[in-house]
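Here is the structure we will look at, set down as structure tokens.
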Amino acid sequence: MCSWRSTRGCPQTSGAGSIPSFATLYAGRNLTLTTRMGDLDIVQRLPGVPPWAELVADAEQTSLGDVPLAVCSREHLIAMKRARHSLQDQTDVAALLVDE
């Protein structure tokens, strides 16, 4: 079971293994997916978040098994967490800055 909630609405639950519809994601909504591994925030539009082209240009290319992944730069991760500014993001930023 995968549950999700929009930053604009109430929690919603979808069937096992399913995710919010493509239309919901395409509309640019910010969502939190709750999985058995923990929450995953999907932040698509938020003041202070770098533009997509900039994120992609500076991303590190890697893979997870046979799946190619682009991972945002540390600087962009910090910028996104500062923009979202949840308690968890504030804790994460403090931890990321300790390593500098």
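The values are calculated or read from the model by the stated rules, or taken from the named source; none is laboratory data. Keep in mind that this is a model prediction, so the values were computed, not measured. Cβ coordinates were reconstructed from backbone atoms using ideal geometry, including for glycine residues, and neighbour counts include every protein chain displayed.
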(request) Kindly list the number of the only condition in (1) closer than 19 Å to residue 43 by Cβ; (2) of a type in the set (Gly, Ala, Ser); (3) not in a helix (DSSP H, G or I) that fails for residue 79. (result) (3)
(request) Among the candidates 94, 83, 53, single out the residue that is modelled with pLDDT of 95 or more and of a type outside the set (Phe, Trp, Tyr). (result) 94
(message) I'm told residue 61 meets every condition in (1) in contact (Cβ under 8 Å) with a residue 12 or more places away in the chain; (2) not in a helix (DSSP H, G or I) except one. Can you identify the failing condition by its number?
(response) (1)
(message) So, in the range 16-37, how many residues would count as being assigned to a loop (DSSP other than H, G, I, E, B), modelled with pLDDT of 75 or more and among the hydrophobic types (A, V, I, L, M, F, W, C)?
(response) 2
